Amino acid sequence: MTKAVIDPSFADYRPTSTNGWFYDMPYLQSITGIQYLNTIEVTDMSEMFAGCGSLPSIDLSGFNTANVVMMYGMFESCHSLTRLDLSTFNTANVSTMTRMFTNCEHLQTIYVGDEWSNASLLYSGRMFAGCNSLVGGQGTTYDEGHVDGGYAHIDGGPSNPGYFSKRPAYTRGDVNDDLDVNMDDLSALINYLLASEGSVISLSNADCNTNGNVNMDDLSALINYLLSDTWPEPVYTVVGTPNLFESEWDLNDERNNMNNMIKGADGIYRLNKAGWFPEGTEIYFRIVCNHSYAYSWPAEDRLIYIYETGAFSIDIIFNPNAPDDQKINVDMNKIF
């Protein structure tokens, strides 16, 4: 058997055990409808996927594990898995994780969330045995001397090594929020744009051109990325009155010196006094100059210093979904 299908009608069923449900299905390549599996009353997930050697991925985002006690061998010998997203798992009551990931030799990353806990863990022997490719979020690599639950936590680096990684909150283009950017995301975005009420997507990830909206422009940006593996330059949404700072400036006049104005954050103070932005709003500066004599400041500042007198405009641009490296966090009590 290469494909398993869980019917939507199964959503009304409340199993108390999923022990061995897909056990030793070496040719299984996909499980469709796993979102209809309600695990809220499940206490035993032992060997649920053990021996699924051809299964490349498992969508566990809908699993409720709050009552689970047993996870013995849950993913043992899942030879084709390279990544597992367990970020929704609550393991506060799990006492047994023995052989949970044993012989997952191609497994590179295990994501967990804030509800992962070893508080009740009693048995974890050989939990990671044979996971030769596993690397924690801070670079901790597999060590055959540490294969039990001692490393079953988010990697804290050399001072607190672990095999798990914190799931990233934002992945541009990952429309279906499965931590991959591929054709499935393109399909998900098309479905959303055609019938948004019936589609569930990550809106922040779907904002592929980072302009704060999800529309056909994002579809184009995603297609371009899938074809070229390169994202287009970010598009930012202008907030407030773009013409507020448009003027002719004489930079020989110290009062109008561009360096002083920006480093003193006068424009930001004016905007805050006008009530358009709360303190601490993340802001991106773009200065448009009609002269070619301009010098770009370091990329992290995202500012341009104009050497000559010239007409310019400052756009105050706000995009809450932009990656951190495209933002400046403004502290009104400090200067840049």
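Give me the extension gain from S9 to N67: residue separation times 0.36 nm, minus the current Cα-Cα distance, reported in nm with one decimal.
Gain in length upon complete extension: 18.6 nm.
Principal axis lengths of segment 1-167 from Cα atoms, whole Å, largest first?
That works out to 49, 31, 25 Å along the principal axes.
Within the set of other residues whose C-beta is less than 11 Å from the C-beta of S204, count the net charge using Lys and Arg as +1 and Asp and Glu as -1.
-2
Take the Cα coordinates of segment 1-54, assign each an equal point scatterer, and use the Debye formula without solvent to give log10 I(q)/I(0) at q = 0.23, 0.26 Å⁻¹.
The Debye formula, applied to the Cα set alone, gives -0.92, -1.07.
Looking at the P(r) of segment 183-228, how many percent of alpha-carbon pairs lie beyond 12 Å?
56
Would you mind counting up the charge near S165? Only other residues with Cβ under 11 Å from its Cβ, with Lys and Arg at +1 and Asp and Glu at -1.
+1
Length gain on complete extension for the stretch M183 to M1, per 0.36 nm per residue less the alpha carbon to alpha carbon distance?
Extra length from M183 to M1 when fully extended: 63.0 nm.
Over the Cα atoms of segment 121-199, what is the Rg over Rh ratio if Rh follows Kirkwood?
1.19
None of the figures in this text is laboratory data; all of them are computed from the coordinates on show. Just so you know, these numbers come straight off a predicted model, no measurement behind them. All Cβ positions, glycine included, derive from the backbone under ideal geometry; neighbour counts span all protein chains shown.
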